[in-house]
């Protein structure tokens, strides 16, 4: 009788422990002509909030997984795609390139379920931000994640906003 009770409890509890959270990310930019600013952003959210974030994305935002162009087979990424867009501000024309950064080209391997993004920015044809990874290795819980890079149309250095992984994942209050 005791074994039957334990089995019943295990069956009733299984849906609670088998539910897994899924974290979604979004990379993109805003070309704010009024403020004369270009702002690159990288953000994330869990489960339904993450799905809703992806559904509300604009024409200048992508889920990093969308930048995987093809799969070599069921387990291996074949090729990546890069998007390129323009932002015209007073005094500067920016070219923004965004691409995927797979955690592992074997999606079944360590970090394989993780795809981040990189960004490159040119101002009037000159590279002002060489290819820059927004998030590091999935095992590195100490390396900050870049959530925002802002450029002023008048020039100058980009301004970076970085947070710790726990804050990015919503485990800490910002």
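No lab work stands behind these numbers, since they all come straight from the coordinates. A quick note: this is a predicted structure, and the numbers were derived from the prediction, not measured. Because the Cβ atoms are built from the backbone with ideal geometry, glycine has one as well, and the counts that use them run over all protein chains shown.
Across the stretch 150-174, which residue is surrounded by the most Cβ atoms within 10 Å (Cβ to Cβ) among those that are in contact with a strand residue (DSSP E or B) (Cβ under 9 Å, 6 or more places away or on another chain), closer than 18 Å to residue 39 by Cα and free of Cβ contacts under 8 Å to residues at least 40 places away in the same chain?
Only one residue tops the list, namely 158.
I'd like the full set of residues that are exposed (fewer than 12 other Cβ atoms within 10 Å of the Cβ), farther than 28 Å from residue 30 by Cα and in contact with a strand residue (DSSP E or B) (Cβ under 7 Å, 6 or more places away or on another chain), limited to the stretch 59-78.
Matches in the stretch 59-78: 72, 78.
I'd like the full set of residues that are closer than 16 Å to residue 25 by Cβ and either touching a helix residue (DSSP H, G or I) at 6+ places or on another chain (Cβ under 7 Å) or surrounded by fewer than 15 Cβ atoms within 10 Å (Cβ to Cβ) (or both), limited to the stretch 117-132.
117
Look through 114, 147, 82 and report the one residue that is on the phi < 0 side of the Ramachandran plot, touching a helix residue (DSSP H, G or I) at 6+ places or on another chain (Cβ under 8 Å) and crowded, with 17+ Cβ neighbours inside 10 Å. Give the steps one after another, and end with the answer.
Numbers: 114 fails: touching a helix residue (DSSP H, G or I) at 6+ places or on another chain (Cβ under 8 Å); 82 fails: crowded, with 17+ Cβ neighbours inside 10 Å.
Of 114, 147, 82, the one residue that is on the phi < 0 side of the Ramachandran plot, touching a helix residue (DSSP H, G or I) at 6+ places or on another chain (Cβ under 8 Å) and crowded, with 17+ Cβ neighbours inside 10 Å is 147.
Anything in the stretch 94-126 that is more than 18 Å from the chain's Cα centre (by Cα) and not in a loop (DSSP other than H, G, I, E, B)? List them, or say none.
94, 95, 106, 122, 123, 126
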